[in-house]
Amino acid sequence: VPITYTYTIENIGTNPMDVTELVRVRGISTEDLIGLVDDTSLDAGEETFAQETEELDVCAKDSFLTTVRVEADPPSGIPCFDDESYEIKINPLSTSPPTEPPTEPPTEPPTEPPTEP
């Protein structure tokens, strides 16, 4: 199933920030997503985003955990960071029980049909 992840990064502080790192971990896969960030320079109160599209095999697993870490540098030089995790849970559709197998073919009649006189 195709899915698009959108990671929104917001500067909730009072100083401008330069986003320097955006790393995503999903399962054993770690990806540096800084190249997908729309705008890495954020004034106070501004936000930006990054998007990635992936195929999820919903038949193989019942949940997908994604952890994202963002880091940004203000003019003071003391980096700020945040980590966030999201879990997608797959609820499989229930299926009806299997149908009964077909019945056996009819048996031979118990007696021979009447004969002509």
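Residue-wise test of (1) modelled with pLDDT under 95; (2) β-branched (Val, Ile, Thr).
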position	(1), (2)
THR14	yes, yes
GLY27	yes, no
GLN51	no, no
ASP57	yes, no
CYS80	yes, no
Q: Could you give me the residue pairs with C-beta distances under 9 Å whose first residue belongs to the stretch 32-48 and is within 13 Å of GLU21 (Cα to Cα) and hydrophobic (A, V, I, L, M, F, W, C), whose second residue is assigned to a loop (DSSP other than H, G, I, E, B) and open to solvent by less than 70 Å² (accessible area, probe 1.4 Å) wherever it lies, and which are 6+ apart or on separate chains?
A: ILE34/THR40
Q: Of the numbered conditions (1) over 17 Å from the mean Cα position of the chain (by Cα); (2) at pLDDT 90 or above, THR115 fails exactly one; give the number of that condition.
A: (2)
Q | Exclusive hit being farther than 30 Å from GLY35 by Cα and at pLDDT 70 or above, set GLU104, GLU71, GLU87 | A | GLU104
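Quick check, is VAL58 out of contact with any Pro (no Cβ under 9 Å at 6 or more places or on another chain) and open to solvent by less than 100 Å² (accessible area, probe 1.4 Å)?
Details: out of contact with any Pro (no Cβ under 9 Å at 6 or more places or on another chain): no; open to solvent by less than 100 Å² (accessible area, probe 1.4 Å): yes.
No; evaluated as a whole, the condition is false for this residue.
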Q: Could you check how many residues of the stretch 1-54 are open to solvent by 70 Å² or more (accessible area, probe 1.4 Å) and part of a strand (DSSP E or B)?
A: 13
Q) Could you list, in sequence order, the residues of the stretch 28-61 that are among the hydroxyl-bearing types (Ser, Thr, Tyr) and over 16 Å from THR6 (Cα atoms)? A) SER29, THR30, SER41
Q: Consider GLY77 carefully, then state whether it is over 14 Å from the mean Cα position of the chain (by Cα) and open to solvent by less than 90 Å² (accessible area, probe 1.4 Å).
A: yes
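The values are calculated or read from the model by the stated rules, or taken from the named source; none is laboratory data. Note that the structure is predicted; figures quoted are calculated from it, not measured. Every residue, glycine as well, gets a Cβ built from its backbone with ideal geometry; the counts of neighbours run over all protein chains shown. When the accessible area is computed, the model is the full protein with side chains, heavy atoms only, and any ligands, DNA or RNA have been set aside. Shrake-Rupley method; radii C 1.70, N 1.55, O 1.52, S 1.80 Å.
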